[in-house]
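Novice: What follows is a structure written as structure tokens; I'll ask about it next.
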Amino acid sequence: MKRLTLLLFLGLFGFVANAQSPTKKTTTAPKVLKNQIVDISCGTCQFKMKGKDCELAVKIDGKSYFVDGKKIDDFGDAHSEHGFCNAVSKAEVTGSIVKNRFKATSIKLLDDKAKM
């Protein structure tokens, strides 16, 4: 009787263990942008993103992303009258969105005439 109970238990355990499916990691391919016109500014000051300091961000298709590869002061003083902490500008960007961050390979600010 003990052997029958043990065999039944082991059989049940094996059945349950076999029924478990391994977790699949789903990875999405990064979204690649080439020469796309976007809004660019300070993510914390202008786009109301959560962050500790002023950090460069872009808005793509209505969603804001912090930028890796360029710093906010690479384009002048961010706290000047027309700096990124006080104004939203337009830029032509190339790069990719990876893990909710924009990995910039190039950023070209557009002048006021190109904004319209």
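Novice: For Gln36, what charge total do you get from the other residues with a beta carbon under 14 Å from its beta carbon, if Lys and Arg give +1 and Asp and Glu give -1?
Specialist: After counting each charged neighbour, the total is +4.
Novice: Another question, then. With 10 Å bins from zero, work out the P(r) of region 24-116 over every alpha carbon pair and list the percent per bin.
Specialist: 17, 51, 25, 5, 1
Novice: Which pairs, out of Lys52/Lys90; Lys50/Lys108; Lys52/Lys108; Lys50/Lys103, put more than 22 Å between their alpha-carbon atoms? Don't skip to the end; give the middle numbers.
Specialist: Working: Lys52/Lys90 24 Å; Lys50/Lys108 25 Å; Lys52/Lys108 26 Å; Lys50/Lys103 18 Å.
Over 22 Å apart, Cα to Cα: Lys52/Lys90; Lys50/Lys108; Lys52/Lys108.
Novice: Calculate the FRET efficiency for Leu109 and Ala29 from the Cβ-Cβ distance with a Förster distance of 41 Å, rounded to the nearest 0.05. Kindly include the intermediate steps, with their values, before the conclusion.
Specialist: On the way: r = 28 Å, r/R0 = 0.69.
After rounding to 0.05, the efficiency reads 0.90.
Novice: Another question, if that's okay. Please compute the length gained on full extension between Asp74 and Lys99, using 0.36 nm multiplied by the number of residues separating them and subtracting their Cα-Cα distance.
Specialist: Separation in residues times 0.36 nm, less the Cα-Cα distance, equals 6.7 nm.
Novice: Which of the peptides 47-59, 28-40 is most tightly packed, and how do the rest follow, judged by the mean count of other Cβ atoms within 10 Å per residue?
Specialist: 47-59, 28-40
No lab work stands behind these numbers, since they all come straight from the coordinates. Computed from a predicted model, the values in this text were never measured in an experiment. In this analysis, Cβ positions are derived from the backbone assuming ideal geometry, glycine residues included, and neighbour counts consider all displayed protein chains.
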